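For reference, the structure discussed in these notes is given below.
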Amino acid sequence: MGLAIERASLLSGLGLVQGIVERRTTVPILGHVLLEPNGNALTLSATDLEVGIRTQVACTGKEKSLTLNARKLFEIVRETEGDEVALTSLDGDWVELKCGRAKFKMMGLDPRSFPAMPSQSTGKDSGAAKKQLKAELTIPAAVLAGMIDKTIFAVSPDEARYNLSGVFVESNAPGSARMVATDGHRLAMIEREVPGFRMETGAIIPRKGLAELHKILDVGGDAEVRLSLEGQLAYLKRGATEVSMRLVEGEFPDYRGVIPKQSKHKITVKRDLLFAAIKRAAIFSSERYHGVKFALSAGTLTVSSTSPETGEASESLDVDFKSEEFAIGFNASYVQQALGVIPQGADSTVELGLSDDVSPGVIRTESDQQYTYVVMPMRL
């Protein structure tokens, strides 16, 4: 009895499941990874009851199913130096682990108590309000990863605002997929052409689930992936890894009314110069509000901040602006996060759409005209 697994493969598999495992939980089994041997493959599973991940690694030998503390197991495999990990079950749910010259004993839990993963059958049978939802998005992995990158940071961290705790996915028109995220202070929206994709009603995919999807999109595998949305479930499989999650219940707000139809001023500025100017100005911004001021005058955009307790900073950039002077305040972090997902480079530019000191600002870029970012102003 016992299993032998290549250390590098096991470390990679355990790395994928770490984001799901609950750090602080009143249910101990949710801190464990389920290890299920089946022939020459070992399936690793983790779930927090809302999001689940399952991946496979090659193994040899025979052993019964086990559960072990996921983080401790990951740390052990990461820190040991051998090429192969040996797992052997002992009496009373204890497990012996050997790697190189190191040996460990870990206490497991009864694998029969490991909860069921969110499954497609669950998605079909639950939630009358969501029964009409059924769509499949077949898209290049790199494109889907890019859509997640450009929206997930705008998801609300406030758990009380449940309908803003994920990214809204919809088909704005046949053959088009749109993702939108907002926390009430800023909004990120991206659209991509996806031939054959249609979706009668939108769905909110939870932030944690999208973060896990992104992990497997970054791992090598098929160029295209299929994201299935059905009932109350989203499901994606790539190679030997699959992620399933329950969709967020509730109605996503009517975001279209937030996006200005037109901006009075459109200012083009180098992305790298603006990002650096905001970063430097933010040194003296309020630790609570992180506010910076954008002041526009003839040919100049001045980014500044001031703090009565610590000091002030300002930096001027050359821009094509000829209208009446005005100033507007923004949360520096909100603008930096938007610029952070726009490609760097000497030729990279962004367009700032501004109207007055109380209207939302809009950030767009020539390199991706299907991406829109809206940020609400703040008083400084």
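The values are calculated or read from the model by the stated rules, or taken from the named source; none is laboratory data. What you are looking at is a predicted structure, and each value in this text was computed from that prediction instead of being measured. Cβ coordinates were reconstructed from backbone atoms using ideal geometry, including for glycine residues, and neighbour counts include every protein chain displayed. Protein only, heavy atoms only, side chains kept; ligands, DNA and RNA dropped before computing areas. Shrake-Rupley method; radii C 1.70, N 1.55, O 1.52, S 1.80 Å.
The set of residues in segment 243-281 being part of a strand (DSSP E or B), touching a Gly at 6+ places or on another chain (Cβ under 9 Å) and either among the charged types (D, E, K, R) or open to solvent by 50 Å² or more (accessible area, probe 1.4 Å) (or both) consists of 246, 266. Name the residue that is nearest to residue 205 (Cα to Cα), counting only residues in segment 142-164 that are in a helix (DSSP H, G or I) and in contact with a Lys or Arg (Cβ under 7 Å, 6 or more places away or on another chain). Here the answer is 152. Does segment 282-293 include one or more residues that are open to solvent by 20 Å² or more (accessible area, probe 1.4 Å) and in a strand (DSSP E or B)? Scanning segment 282-293 turns up at least one residue that is open to solvent by 20 Å² or more (accessible area, probe 1.4 Å) and in a strand (DSSP E or B). Residues considered: 230, 249, 224. Of these, the only one that is out of contact with any Leu (no Cβ under 7 Å at 6 or more places or on another chain) and under 30 Å from residue 159 (Cα atoms) is 249.
The single residue among 90, 10 that is at negative phi and crowded, with 19+ Cβ neighbours inside 10 Å turns out to be 10.
Filter segment 16-67 down to residues that are in a helix (DSSP H, G or I) and under 18 Å from residue 215 (Cβ atoms) and give me whichever is least open to solvent (accessible area, probe 1.4 Å).
Residues of segment 16-67 that are in a helix (DSSP H, G or I), as a first pass: 16-17, 28-31.
Keeping just the survivors that are under 18 Å from residue 215 (Cβ atoms) gives 16-17.
Numbers: 16: 23, 17: 0 Å².
Checked segment 16-67; the qualifying residue least open to solvent (accessible area, probe 1.4 Å) is 17.
Tell me whether segment 149-171 contains one or more residues that are open to solvent by 50 Å² or more (accessible area, probe 1.4 Å), modelled with pLDDT of 95 or more and among the acidic types (Asp, Glu). Among the residues of segment 149-171, at least one is open to solvent by 50 Å² or more (accessible area, probe 1.4 Å), modelled with pLDDT of 95 or more and among the acidic types (Asp, Glu), which makes the answer yes. In the set 189, 179, only one residue is open to solvent by less than 50 Å² (accessible area, probe 1.4 Å) and in contact (Cβ under 8 Å) with a residue 40 or more places away in the chain; that residue is 189.
Looking across segment 183-240, the residues that are of a type in the set (A, V, I, L, M, F, W, C) and part of a loop (DSSP other than H, G, I, E, B) come down to 194, 197, 199, 219, 223, 240.
Table: residues versus (1) touching a Gly at 6+ places or on another chain (Cβ under 8 Å); (2) over 21 Å from residue 239 (Cβ atoms).
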site	(1), (2)
13	no, no
20	yes, no
28	no, yes
40	no, no
45	yes, no
62	yes, yes
66	yes, yes
